[in-house]
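So the structure is just underneath, and the comments pick up after that.
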Amino acid sequence: MVNTILAHDLLWGMTPEQLPVDAPAWVVESIRAGQPVVVRRALSAPDCIAVGVRGRLREQRFATVMLIDAIAHRVKPEDLCHVLIDRDLPAVHALNDLRPMLDACGWVWGVSGSAGFELASGIQALHEGSDLDLILRTPQPMDRLKAQALVKMLDAAACQVDMQLQTPFGAVALREWAGAARRVLLKNAREASLVIDPWEQAA
Amino acid sequence: METLSFEFPAGQPPTGRALVGCVGSGDLEVLIEPGQAGKLTIKVQTSVNGAEQRWQHLFERIFQEQMPPALKIDIHDFGATPGVVRLRLEQGFEEIGHD
């Protein structure tokens, strides 16, 4: 299971006892309430996985680690593509409108961020001003023209949509890959770096 | 949402301008323009409240290495890590240098 856990996966099974003693009260509360944690892109000990705990407020994000043995349940972003929620919010409308086009785009896609959290847990995390965060599994290179076409499609949605391309070497923002910058920001567990080709192994 | 302002001593203004970065969680957009001679001004609009000290320290570390040119920097931050902020600023400085 270790190798298959990826950034943006949601994990259940963390208990307050696993938190560091200096964890803020809201973190302990979130975990005690049975909320999932989200896998972060960061290095950790071999028997642990870097995770983040969400609070109700935007600045309430707490980075910690979870023992892999403690994982009771896991939901990946791509498991959430066809989960429906009945809420009258721009992010929900955007997701409903984009779903058929994403299903037809030829890549595996998924829902992350607050939408993914709400779809997976049923805990309300989206609000009127929420963006929609999506991921796209891109094991093969996507050319920049294709990226521009995708951005055009996402820009027609009911809210701001941020899509991250997950390459074998990390994640890059679709919007940046579609843009004019020669070098783009690639994030992986080790570091963030500016690269010319996000599908090429760094030297 | 919070707007922060910073000011540092600087050299002469460059001629070019640059826009780097990206709107999206964990990233930031940086607009760099020529400033008033001797002054580097930075405006940060951030989605993360209560981080003024962290920005101040980060900028101090970046600009203490050598006297920066006179710039007017506009940052829209979406919860980027200090590492990402540093990379984006370097990318922006590089682009200005190419003009």
request  = State, in angstrom, two size descriptors of the range A:77-195 derived from its alpha carbons: Rg to one decimal place and Dmax to the nearest whole number.
outcome  = 14.2, 41
message = Please compute, for peptide A:188-195, the average count of beta-carbon atoms on other protein chains lying within 10 Å of each residue's beta-carbon.
response = 3
Helical mean residue ellipticity (222 nm; -39500 (n - 2.57) per DSSP H run of 4+; nearest 500) of chain A = -6500 deg cm²/dmol
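Can you give the helix-only mean residue ellipticity at 222 nm for chain B, where every DSSP H stretch with n ≥ 4 adds -39500 (n - 2.57) and the sum goes over all residues, rounded to the nearest 500 deg cm²/dmol? Can you show the working numbers first?
On the way: 2 runs with 29 residues, N = 99.
Helix contribution divided over all residues of chain B: -9500 deg cm²/dmol.
Per residue of A:158-171, count partner chain C-beta atoms within 10 Å of its C-beta, then hand back the mean as an integer.
Per-residue shielding by partner chains comes out at 1.
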ask   = What GluC sites (Glu not before Pro) does the range A:1-93 have in DSSP loop regions with at most 14 other beta carbons within 10 Å?
value = A:E59
task = Run down the lysines and flag those whose C-alpha is under 29 Å from the C-alpha of B:K43, throwing out any fewer than 8 positions away in its chain.
result = A:K187, B:K72
note = Correct semi-axes for the protein assembly as shown, from √(5λ) of the alpha-carbon gyration tensor and rounded to whole Å with the largest first, are 33, 24, 19
remark   = Partner shielding of A:131-137, taken as the mean number of other chain Cβ atoms within 10 Å, equals 1
query = In Å² (nearest 100), what accessible area is buried between B and A, both sides summed, heavy protein atoms only, 1.4 Å probe?
reply = 1200 Å²
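The values are calculated or read from the model by the stated rules, or taken from the named source; none is laboratory data. What you see is a predicted model; the values in this text were computed from it and never measured. Virtual Cβ from ideal backbone geometry, glycine too; neighbours counted across all protein chains shown. Heads up: the accessible areas ignore ligands, DNA and RNA and are worked out on the full protein's heavy atoms, side chains in. Shrake-Rupley method; radii C 1.70, N 1.55, O 1.52, S 1.80 Å.
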